Each structure stands twice: as structure tokens, then as C-alpha cells.
Amino acid sequence: MRNHTLKGLCLAALVLSGIGWGAGRWYAKRTDIDMRQRLLRRVVSIARTFRPERVKELSFTDADVGTPSFEYIRQQMIAFSQYLPQRGIYSMAMRDGTLVFGPENYRQDDPMASPSGTVYERPSPADMAIFTTGEPVTIGPTTDEYGTFVSALAPVLDPDTGQVLMAVGMDIVANDWLAATARAGRNAMGAAMATGLVVLGGATGILRWRRRLIA
């Protein structure tokens with residue numbers, strides 16, 4: 001009898017471990033998808049606030065600094081950043097096959113700052129592709145000259161031609177992103193295993209009660 005009980009407990013432990021692992025893996029993946037969708041919605045909402053006629057006035061060089069359109073867009077980004085968990089909001093444009101940065105909310109002394117006209121040295125294929133597809137996108141984790149990030153990009157389109165005038169971007173440090181998804185997975189694993197233990201304990205109690213009745 002004891003051998004059967006021990007085998008049953010071992011089997012139950014294996015089953016619970018499998019359920020917990022599967023639940024944790026699924027929920028971590030679900031959390032990753034939800035976070036990407038949330039980040040993308042934010043950047044799309046922000047991109048829609050920038051008036052194309054103002055963006056057209058930008059050259060995406062250092063000559064933009066101090067001009068009304070540049071400062072207006074920059075101040076919009078700063079205002080949005082006060083209410084969002086993301087640290088940075090930035091912009092990019094395509095010039096002769098190269099991506100260059102434009103207005104952003106970073107201070108000049110911030111290590112992440114890229115003065116207007118700065119060339120993006122290590123863009124991902126998705127960074128480049130948005131200027132062809134015109135579709136919002138999440139990227140990453142990818143590594144560039146600034147670090148490793150999960151990013152979201154949304155276009156500002158010319159209403160007459162459909163051309164992408166500017167891409168608006170937001171980043172989350174990859175370590176923070178991975179920590180959040182891992183934490184969600186661990187919580188789901190713990191919850192699944194705790195529920196399984198409760199069910200197993202209840203089933204064991206019922207079996208013992210029935211045995212006592214039979215005896």
C-alpha cells in the first residue's frame with residue numbers, strides 16, 4: 001500500500017510540475033504579447049498627434065533646433081513622457097537610405113540623447129522597413145549603439161501621398177522587459193501549482209474518508 005501511495009505522490013508531483021511549467025510558459029508569452037500591444041498602442045496614439053505639415057518643415061539636421069516646428073514637436077514629446085512609464089520618445093526620418101534622428105524628449109546631457117541629424121548607425125531591418133510599409137511595428141529585443149531594447153514604431157504619414165514623413169519610437173530596456181515577462185511566468189506557475197496542490201489534497205482527503213467508511 002505504501003509503495004502505491006509513494007508512486008502516486010511522485011506521479012502527482014510530476015504532473016503538477018508539468019502543469020506549473022506549462023502555465024508559466026504560456027502566461028509569460030501572453031504577457032509579452034500584451035506588453036507589445038500596449039506599447040504599440042501608446043506610440044500609435046502619440047504619432048497621430050503630430051501634424052504632417054509641421055513634420056514637413058523639418059530637415060532632420062541640426063539646423064532644425066530652435067525652429068518653431070522642431071520645438072513644438074519636442075515639447076509635445078516632453079509632455080507625453082510625463083504620463084508614460086517609458087523613458088524616451090524619439091523620432092527618425094529616412095534620408096538618402098540612412099536613418100537620422102529628429103525631435104525627442106531627452107535632455108541634451110542624457111546618454112540616450114541623439115541631437116537632430118544624428119545618424120542611426122545600427123538600425124534593425126524593421127526600423128528601416130517602416131519607411132516602406134508605413135505600418136506600426138514592435139521590434140526586439142534588438143541591440144544597437146545605445147543598448148538592447150524592445151521598441152515600438154509608428155509612422156506619421158503625408159495625407160496626400162501616403163509617404164512616411166517620420167517614424168515615432170519608444171523603447172523599453174530589454175532586461176526590464178524580460179524581467180517583467182519572467183515574473184509573470186513565475187507567478188502563473190506558482191498559482192497553477194498551488195491550485196493543483198489544493199485539488200490533490202482534497203482528492204486525497206476524500207479517498208481516505210471513503211477508505212474509512214469501507215473499513
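Observations
- The range 79-121: trypsin sites (Lys or Arg not before Pro) in DSSP loop, at most 12 other beta carbons within 10 Å: Arg107
- Accessible carbon and sulfur surface of the range 78-137 relative to its total accessible area, %, 1.4 Å: 54 percent
- With DNA, RNA and ligands ignored, accessible area of Tyr90 (1.4 Å probe; Å², nearest 10): 20 Å²
- Of Arg122, Arg54, the residue with the largest accessible area leads and the full order is Arg122, Arg54 (1.4 Å probe).
The values are calculated or read from the model by the stated rules, or taken from the named source; none is laboratory data. Bear in mind that the values here come from a model prediction, so they are computed numbers and not experimental data. Positions of Cβ are backbone-derived with ideal geometry, glycine not excepted, and every protein chain shown enters the neighbour counts. For the accessible areas, the whole protein counts, side chains as well, though only heavy atoms, and no ligand, DNA or RNA atoms are used. Shrake-Rupley method; radii C 1.70, N 1.55, O 1.52, S 1.80 Å.
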